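Before any comments, here is the structure.
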Amino acid sequence: MLDVTHALELDLVRKTYGDPLHGHQALTGASFHVKDNEFFTLLGPSGSGKTTLLRLLAGFESTTSGEIRLYGKPIQSLVAEQRPVNTVFQQYSLFPHMTIAENVGFGLKMQGRPAREVAARVEEMLALVKMEAFRNRRPAQLSGGQQQRVALARALAPKPKVLLLDEPLSALDLKLRQAMRLELKQLQAKTGITFVFVTHDQEEALAMSDRIAVLADGVIQQVGGPREIYDRPANLFVADFIGDNNFLKVEVLSRQGATAMVRGAGIEAVQARDAAQGASQGTLMVRPEALHLSAGEGRVRFAEKARVLADIYLGNALTYVTALPDGTHLNIRDEDARRAAKPIAEGQTVEVWADAEAPMLFDGAGK
Amino acid sequence: MSTPANQGKLAERAGMLPAALFVAAFLLVPLGLVVAYSFMPANSFGGVDPGFSTDAYRNVLYEQRLDGSFRLSAAYLLIVWRSIYVAGLTTLIVLAISLPVAIYIARQVPRRRTFLLLMVTIPFWANILIRTFAWILLLRDTGVINGFLTALGVISSPLPLLNTTGAVLVGLVYTFAPFMVLPIYGRMERLQQSQLEAAHDLYANRWQVFRHIVWPAALPGVVAGSLLTFIPCLGSLIAPELLGGGKQMMLGNLIYRQFSEARNWPFGAAIAVLLLVIVALIGLVQVYLARRKFAGKVA
């Protein structure tokens, strides 16, 4: 596989703050790669180590151990100004005393490029983010969304090999954030630059990424495409963090290949994809949209009786919150039920069906 | 019409009244007196005689010979020049010392910042006379520094430290450093760490980060600190008097002498007016530069 050079390769990258042995481990032995021209996302809750990882890539912090290679070359001994990567900061961090054009041209100027080249590239970048009209303004005269575009142009102007984005959309309001998702994705395709994007917003990650690395407690939990991560979570953390889910305590009745027969309180014996590594007890995961209130092709009966506690109507989705006889909650997001003329009344008992392929068995207790 | 808005304005103006009265009574009236005295004949026992005279101002540039004729004299101009020179040099030294200190403090964790700022202001807790006398104890021929160097055998006879321009500078720098540290710190505190990182990220080395990010951010603080240092230095009295031994006379000493030993109030008043004019000119230049910068931003 030597002919394939990845944009980034991380080998057992570790970052400890304070004492190397007993200090706070912000990142424990992260190993993964980012492909050339990929939109790669680091996804995790706050404190998961995603920002630390980004700062290690940018060169604002140094690794405690491990190796980071940028297109095959180790870079951990280089300081930030020597790395051909640029960053879009969470709060944009535009230089307040410079005009928009000066901000965008700063990187090229520091690289000692001729003034004419800088000016031409600045115009090109301002056109790319549709900010030409603002070239002589100051950052304080711009809205958040506009500052965001300038920050993008500034980071893209020196043609970095990898663009790092630190939660760049988190300061924007919802509408703008959604519009910017598409724009960022298009920008990545247009420039052909590898993007490494940090976010805590799983929807953002699923919508934009080619691949996602899910982090928690300084550990990479899973690396994969959005579908893979959603449909085949590697562990309970990922299953819980990405999307909505139901978790049920179950016993393993039998195993065959990659599947296991499981049974839990109030549910039928069902077949589940087995990720429990031989444990005799575990947690069954099934997503609300894989549960239905009627039988159908490819569905198996999941629970004989569930009592409707409440319905949550969101326009494009309707979720019934139900309780199994032992009190465990089961959320059901049934498309047919949404289209039904009349909602099911509270207190009524329903029969629950599941997509046969959907249930998944994990080791350990759910939340 | 009495709308709530201009009622508010009225209340605001009424609130300004005590301060306005105070300024009028204790600043404008005495200042008017100073200007008035400078245009009156001197009474040889101190004070002024009624009448109008420009003698005081003529005395700044001319000295009267025994035969009553006038001759151009640079003696007082030299004092004006020395005042500007010493105040300017003090400002530069204070800036060189305070800029790194302010930057350093601003980069500490908040608790440590508070502590270090307290350290900076500690000299204010002691009276300036006492602090200046402390410098005499350090600098005089039998003082701590000469004593130490003699004991070490570095020197055989004491170095002339006291009663020099250098001693005056030391005293002034020591007195005014906090006035530079605090305004620059105020600017540096607001400079986000991520801006420095952004500059590094965009290929700026340490010097370039200082030149393009830190210095522009500090500049308003530098201007404020420089004015707070230069202007009081110009008229400073205690340091040149005690550390300069009265030989390195500055405007402050000159004014003081005219009102005490020399008993030439109009001349003292004229020098005070001269000092005021210099300060006002500096103020005007500053306003002009600030306006030009502001205009540049809008255009």
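Annotations
- Remark: spin-label model distance B:Ile130-B:Ala74 equals 4.3 nm, labels positioned 7 Å along the Cα→Cβ axis.
- Length gained on full extension, A:Arg137 to A:Lys342: 68.2 nm, using 0.36 nm per residue less the C-alpha separation.
- Antiparallel DSSP beta bridges within chain A, as percent of all bridges there, nearest 5: 75
- When you restrict to C-alpha pairs under 8 Å that are six or more residues apart and normalise by the size of region B:150-235, the relative contact order lands at 38 percent.
- Here region A:104-209 is assigned +1 on the Cβ of each Lys and Arg and -1 on the Cβ of each Asp and Glu. Its dipole about the Cα centre then comes out at about 500 debye.
- Computed extension length for B:Ile122-B:Leu17: 34.4 nm, one decimal, from 0.36 nm per residue of separation with the Cα-Cα distance subtracted.
- Spacing of the two label points (7 Å from each Cα toward its C-beta) at A:Leu176 and A:His22, in nm: 4.7
- Sites B:Gln192 and A:Tyr71, calculated FRET efficiency, Cβ-Cβ separation with R0 30 Å, nearest 0.05: 0.45
- Annotation: the antiparallel percentage among DSSP beta bridges lying fully within the protein assembly as shown is about 75.
- For chain A, the relative contact order comes to 15 percent (Cα pairs under 8 Å, sequence separation of at least 6).
- Chain A - convex hull of alpha carbons, volume per residue in Å³: 182
- Cα extents of chain B along the three principal axes, largest first (Å): 83, 76, 36
- Scanning chain B for trypsin sites (Lys or Arg not before Pro) lying in DSSP loops with no more than 15 further Cβ atoms inside 10 Å, the longest uninterrupted stretch between such sites is B:108-246.
- The dipole here belongs to region B:77-265: it is taken about the Cα centre, uses +1 on the Cβ of Lys and Arg and -1 on the Cβ of Asp and Glu, and is about 180 debye.
- Size descriptors for the protein assembly as shown (Cα atoms only): Rg and Dmax, in that order, 37.8, 128 Å.
- Selection from A:Asn316, A:Val252, A:Gly296 lying farthest towards where the dipole of the protein assembly as shown points positive, charges on Cβ: A:Asn316
- Descending semi-axes in whole angstrom, ellipsoid equivalent of region B:1-73, from the Cα gyration tensor: 48, 13, 9
- For region B:151-256, the Kirkwood hydrodynamic radius from C-alpha pairs, put into Stokes-Einstein at 20 °C and a viscosity of 1.002 mPa s, yields a diffusion coefficient of 129 µm² per second.
- Residue range of chain B that is longest and free of chymotrypsin sites (Phe, Trp or Tyr not before Pro) which are both DSSP loop and sparsely packed (at most 11 other C-beta within 10 Å): B:53-299
- Distance histogram for region B:8-50 (every C-alpha pair counted, 10 angstrom bins, percent rounded to whole numbers): 25, 30, 21, 14, 8, 1
- Working note: 222 nm ellipticity from helices only, DSSP H runs with n ≥ 4, each -39,500 (n - 2.57), summed and divided by the residues of the protein assembly as shown, gives -14000 deg cm²/dmol to the nearest 500.
- Quarter of the Cα convex hull surface for region B:76-229, i.e. its orientation-mean projected area (nm²): 12.4
- FRET efficiency for A:Gln82 and A:Val219, using Cβ-Cβ distance with R0 set to 35 Å, rounded to 0.05: 0.75
- Estimated translational diffusion coefficient (Stokes-Einstein, Kirkwood radius over Cα pairs, 25 °C, 0.890 mPa s) of region B:110-158: 189 µm² per second.
- Nearest-0.05 FRET efficiency for A:Gln186 and B:Val35, computed from C-beta distance (R0 56 Å): 0.20
- Cα-centred dipole magnitude for region A:81-127, charges only on beta-carbon of K, R (+1) and D, E (-1), debye, nearest 20: 120
- For region A:330-346 versus region B:267-295, the inter-centroid distance based on Cα atoms is 79 Å.
- Average Cα contact separation per residue, chain B, under 8 Å, 6 or more apart, as relative contact order %: 25
- Among A:Gly49, A:Thr283, A:Phe241 - extreme Cα towards positive end, dipole of chain A, charges at beta-carbon: A:Gly49
Quick note: the coordinates plus some simple rules give every number you see, no bench work behind them. Nothing here was measured: the structure is a model prediction, and the numbers come from that model. Neighbour counts run over all protein chains shown; Cβ positions are idealised from the backbone, glycine included.
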